[in-house]
Every structure is written in C-alpha cells, then in structure tokens.
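Here's the structure we're looking at; comments come further down.
The values are calculated or read from the model by the stated rules, or taken from the named source; none is laboratory data. Just so it is clear, the model here is predicted, and its values are computed rather than measured. Heads up, the Cβs are rebuilt from the backbone with ideal geometry, glycines too, and the neighbour counts pull from every protein chain shown. For the accessible areas, the whole protein counts, side chains as well, though only heavy atoms, and no ligand, DNA or RNA atoms are used. Shrake-Rupley method; radii C 1.70, N 1.55, O 1.52, S 1.80 Å.
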Amino acid sequence: MTIDYAEKIPNNVNLANDRTLQRALEHWQPHFLQWWHEMGPSDFAQADVYLRTATSVDAQGWAQYGAVKMPDYRWGIFLADAVADRRIHFGDNIGQPVWQQVPGEHRSTLRRLIVTQGDTEPASVEQQRLLGHSCPSLYDLRNLFQINVEEGRHLWAMVYLLHAYFGRDGREEAEELLARHSGDADKPRILTTFNEPISDWLSLYCFTYFTDRDGKYQLKSLAESAFDPLSRTCRFMLTEEAHHMFVGETGIGRVVKRTLEVMKQLGTDDPARIRAHGAVDLPLLQKYLNFWCSSSLDLFGSEISSNAAANFAAGLKGRPDESGYEDHVLRDKTLDLQTPQGVEHVPMLNALNEVMRDSYLKDCELGLRRWNRAIERAGHALRLRLPSAHFRRSIGAWVNQPVTPEGKLVSQEEYAKRIGEWLPTESDRAFVRSLMQKVVAPGKMAAWLAPPERGINNLPVEYDYVKLGSE
Ligand SMILES: [Fe+2]
Ligand SMILES: [Fe+2]
C-alpha cells in the first residue's frame, strides 16, 4: 500500500476513515512542529537536505530521496503490513490470536512501554541539536539530519499508538512527550542515557553505534508483541533504524582509519603526538566506547526483573528474534547469573533483561571485529574492546561496584584512582571538542576523520548533500 502524501499527515492506517483520531493528531501536529522548531536541529531550517522519506512499507524501494527543508519533512504514520492470522508465539498465551485492541489488564503496562520507547526518540534529537555547527563534512551533516528527522518520525509512530488506543490518557502522554527535555533539571527525559549531552561527533558515532543499537533491540522485542499495532509499528521503525547504526559503525571505522594513517605518517603510537597532529588516539577512542557502551547497557534494566518476567509471560514483549529460540514459555528454565555475591540461579523468565543484554553485546562485537582487523592490518598490537557488562553500572546487581572494564572487582580506592584511564576526562573531552571544526566544502573531511567509502544512494562522496543557502 502506497502512502498518501496529499493528506495533512501521510499515513497508511486509513486515518481519513477515523475523523476523531485524525482531528486529535492534527491538533498534536503543530505542537510537534513547534517542538522541532525549538528543540530540533539548531539553525539549518532553510538548508536543502538530501533526505530519504518513507513512501511505502515495502521491503523493496520503501523510500524516496530528494532535497527537502527539514521543517517541511513529511513525518507520517506507517505500519508494516499485517500478517494474516498472526498468533501469540511466546509466553503463557501461545496460540491465541494477537490483540487488535489493548486488553484492559495490560493497558497501563503497554502504555508505559510505548511512552518509554517514545520518549527516547525526541530525546536523541534534542541531544544532537547543536552538532550541525561542528559537522566534519556535508556527508556527515546530511546523515545527522536524516537520523534526526527519522527519530521525529519514530515519535509520531508512538504518538499514533497513544492517540489511537489509549484515549485521553494517551493524548496526555503525547503532550508530555514534547514537554520533557533531554538534560532538563525539572522535566528530564525518562532514561539516563538520553539525558547525557552529545556535544561532539565522536560521541555521536558512539551514541548511534551503542544507543541506537539498544533501540534496535528494544524495537525487536516490541515487534514480537501480542499487541499487533505495536508489533507492526516497530517492524517498520527497524527498517529506518539500520541507517542510524550504519552511521555509528562507519563513523567509528573512519576515525580508526584516519588515526592509523596519522600513526603511519608520524611513525608513532604516542597519543600526545597523534593528538598534536589533530587525530583521535586509539586509547581515547576506547574511553569513549567504554562510556557509551556502559551507559547503553543500563537501558536493558536490572539483571533480575519481575517486570521482564510478567511482560514476557503476558506476551507484551518478547526476546529479540524470539522465533530463533526453542523454548517460548520458559516456565522451567533457569539462568546462572554472576552477581558480586557469587553465582545465583535465577528463573529464566526473571533474567530476560540479561538475555537481551547478552545478545545485544554479541551484536556490538561485530563492529569491533572490523575495526580491530584494520588495526591489525596496520601492524599494531592494540585492540579495541567492549567493557565488561559489570563496569560502571548504575542499576541492577552491579550498581556502583568498583569493576574495571576488564571485569575485575577492585577496591573503591583503586577504582577512583584509575577511572580517568577508563572514561574520558575533562581534558580528553576538551581535546575532542577542539577537533570539532565545521567543514562544509563538498567532499572535504575534517582532519580527524577519513572519508566514507561511498556516498548516499549511489551519489559520489563529493555530492552537495546539504545546500546551505543563506545559513
Ligand atoms: Fe528511533
Ligand atoms: Fe535511531
């Protein structure tokens, strides 16, 4: 089904047939645009950006590319096609038909899941709003804005569900999604990672690598949901999400590539000399990986969680790629969980956050392998690593435990003394900020970053991806 762009709100959910819902969403639309204007990308409203816009939910050719001014982007509501006779395929209600309406007993839990997911979408736009001013290239600037408009669309996706299925409460939550702001002292975003400032592009690449990937795992688990509109919404969001992680993975890969060039040119791996040459030394990159990976790991919740058990049993939230597992009920399975007090045998249902975190970490490893291959080929012994899942946790069994990135429990004293070896210090951050000089000549790259291997949608890297006009 192709999407009707003549509508005020492009959609494939037959909005025109539900006047009440349509009116409610058209009432929210100017509030969204006002939010975009105030909290979205700072400046660049007049720039023509080479953006993709969803035009259908077909796996083949779902998007169209062209120059768009961001405030004119067609944010719409798109659900993946319904699966005929879809059945609940995990938990205690296996085999029953999926729900087209919200069951009363799950109403508040589903609303909370949708609001929590929805809150992250505008939050990330807010976190990234100043980055345009220090873009390392037009290609990167375009990618940033692509991510921003799509996170805006993901907000629309969640707001549609709130408006369509949760009545007045849902409409109130939709307003609140625009009222909370990332890092705000009084009304912060719900999850900590989404209140961390992203003030440089190294952080952006780490955020899109680690935190958008958390998004992928959350969406995958909600795509399994017995609440069918949520499942269909998330399935289509995943299509867009892939590009966000691509920006992270290739971004970090390009940092590594450039650093290796500088190391070769200077014939040294001395961080001070690499920095003096305007590149990011690999130990510094490692600190940024440690920061964003550990922060994103918290997003999966406590290792032992009765909520996770209840959500799974009820069919609200499955495991990512649920059909790849054999047992979909998990009533008589346990998991051996490492805690600071020793190994605990936990009912599998209660350990699902940990199961999810584990598959997420395996996915995170893939990029590291690629970056490390480049480092190895260049003849260097250093390897980038993911920090231990017990490092710098602020929730769960390992909260505030003095654990090194290698996973070793040390004294509080040693931890405090060495934390600057593991996480970016103030001077590290100041150095990274000093690299962030705006580069906007088509095809030119900042000195700390290698060019991408190819451009967007088969266009050359030198293409004028953002026509700045009178900015
Ligand atoms: Fe998103
Ligand atoms: Fe994303």
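In region 259-279, how many are charged (D, E, K, R) and within 19 Å of ARG385 (Cα to Cα)?
So the answer is 1.
Suppose the filter is open to solvent by 30 Å² or more (accessible area, probe 1.4 Å), within 27 Å of PRO340 (Cβ to Cβ), part of a loop (DSSP other than H, G, I, E, B) and among the aliphatic types (A, V, I, L, M); does ALA441 pass it?
Numbers: open to solvent by 30 Å² or more (accessible area, probe 1.4 Å): yes; within 27 Å of PRO340 (Cβ to Cβ): no; part of a loop (DSSP other than H, G, I, E, B): yes; among the aliphatic types (A, V, I, L, M): yes.
Judged against the criteria, ALA441 is not a match.
Any idea which residue in region 217-263 is nearest to ARG454 (Cα to Cα), counting only those that are among the polar types (S, T, N, Q) and touching a Ser or Thr at 6+ places or on another chain (Cβ under 9 Å)?
Initially, region 217-263 is screened for residues among the polar types (S, T, N, Q), giving 218, 221, 225, 231, 233, 239, 250, 259.
Add one more test, that the residue is touching a Ser or Thr at 6+ places or on another chain (Cβ under 9 Å), and what stays is 218, 225, 231.
Details: GLN218: 30, SER225: 37, SER231: 33 Å.
Going through the qualifying residues, I end up with GLN218.
Answer with yes or no whether ARG142 is more than 13 Å from the chain's Cα centre (by Cα), surrounded by fewer than 24 Cβ atoms within 10 Å (Cβ to Cβ), of a type outside the set (Asp, Glu) and within 15 Å of ligand 2 (Cβ to nearest atom). Break it down into steps so the answer makes sense when it comes.
Values: more than 13 Å from the chain's Cα centre (by Cα): yes; surrounded by fewer than 24 Cβ atoms within 10 Å (Cβ to Cβ): yes; of a type outside the set (Asp, Glu): yes; within 15 Å of ligand 2 (Cβ to nearest atom): no.
So ARG142 fails the test.
Looking at SER323, SER411, SER394, which one is of a type in the set (Ser, Thr, Tyr) and under 24 Å from THR192 (Cβ atoms)? Give the derivation first.
On the way: SER323 fails: under 24 Å from THR192 (Cβ atoms); SER411 fails: under 24 Å from THR192 (Cβ atoms).
The match here is SER394.
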Residue within region 292-301 that is open to solvent by less than 30 Å² (accessible area, probe 1.4 Å), within 16 Å of ligand 2 (Cβ to nearest atom) and of a type in the set (S, T, N, Q) present: yes
Number of the exception - MET158 against (1) within 14 Å of ligand 1 (Cβ to nearest atom); (2) out of contact with any strand residue (DSSP E or B) (no Cβ under 7 Å at 6 or more places or on another chain); (3) farther than 30 Å from ALA84 by Cβ; (4) open to solvent by less than 10 Å² (accessible area, probe 1.4 Å): (3)
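Quick check: is even one residue across region 19-29 open to solvent by less than 40 Å² (accessible area, probe 1.4 Å), at pLDDT below 95 and in contact with a helix residue (DSSP H, G or I) (Cβ under 7 Å, 6 or more places away or on another chain)?
Step one: list which residues in region 19-29 are open to solvent by less than 40 Å² (accessible area, probe 1.4 Å), which gives 21-22, 24-25, 28-29.
When the remaining residues are screened for being at pLDDT below 95, the result is none.
No, that holds for no residue.
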LEU202 assigned to a helix (DSSP H, G or I), more than 13 Å from ligand 1 (Cβ to nearest atom), of a type in the set (A, V, I, L, M, F, W, C) and touching a residue at least 24 places away in the same chain (Cβ under 8 Å): yes
Residue match in region 281-294 (condition: more than 16 Å from ligand 1 (Cβ to nearest atom) and free of Cβ contacts under 8 Å to residues at least 40 places away in the same chain): yes
Residue match in region 238-255 (condition: open to solvent by 30 Å² or more (accessible area, probe 1.4 Å) and over 21 Å from the mean Cα position of the chain (by Cα)): no
Selection count, region 75-116, where residues are charged (D, E, K, R) and surrounded by 18 or more Cβ atoms within 10 Å (Cβ to Cβ): 1
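Take region 218-233 and flag every residue that is within 13 Å of the chain's Cα centre (by Cα) and more than 10 Å from ligand 2 (Cβ to nearest atom).
Of all residues in region 218-233, those within 13 Å of the chain's Cα centre (by Cα) come to 218-220.
Matches in region 218-233: GLN218, LYS220.
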Residues of region 329-362 satisfying the condition of being of a type outside the set (Lys, Arg), open to solvent by 40 Å² or more (accessible area, probe 1.4 Å) and under 18 Å from TYR217 (Cβ atoms): LEU335, ASP358
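Please determine whether any residue of region 379-392 is among the polar types (S, T, N, Q), farther than 25 Å from ASP281 by Cα and not in a helix (DSSP H, G or I).
Restricting attention to region 379-392, the residues satisfying the condition of being among the polar types (S, T, N, Q) are 388.
Imposing the further condition that a residue be farther than 25 Å from ASP281 by Cα reduces the set to none.
Looking through region 379-392, none of the residues is among the polar types (S, T, N, Q), farther than 25 Å from ASP281 by Cα and not in a helix (DSSP H, G or I).
Those residues that are open to solvent by 10 Å² or more (accessible area, probe 1.4 Å) and assigned to a helix (DSSP H, G or I), I need them from region 117-139; list them, please.
At the first step, the residues of region 117-139 found to be open to solvent by 10 Å² or more (accessible area, probe 1.4 Å) are 117, 120, 126-127, 129-130, 133-134.
If the condition is that a residue be open to solvent by 10 Å² or more (accessible area, probe 1.4 Å) and assigned to a helix (DSSP H, G or I), then GLN117, THR120, GLU126, GLN127, HIS133, SER134 are the ones that fit.
Identify all residues within region 163-199 that are of a type in the set (A, V, I, L, M), without any contact (Cβ under 8 Å) to a residue 12 or more places away in the chain and either open to solvent by less than 40 Å² (accessible area, probe 1.4 Å) or in contact with a Leu (Cβ under 8 Å, 6 or more places away or on another chain) (or both); write none if there are none. Let's see the steps before the verdict.
Just the residues of region 163-199 that are of a type in the set (A, V, I, L, M), to begin with: 164, 174, 177-179, 185, 190-191, 198.
Imposing the further condition that a residue be without any contact (Cβ under 8 Å) to a residue 12 or more places away in the chain reduces the set to 179, 185.
Residue satisfying the conditions is ALA179 alone.
One residue is enough: does region 158-174 have a residue meeting the conditions within 14 Å of ligand 2 (Cβ to nearest atom) and at pLDDT 95 or above? Before the answer, list the steps.
Initially, region 158-174 is screened for residues within 14 Å of ligand 2 (Cβ to nearest atom), giving 158.
Now restrict to residues that are at pLDDT 95 or above: 158.
Yes, region 158-174 has at least one match.
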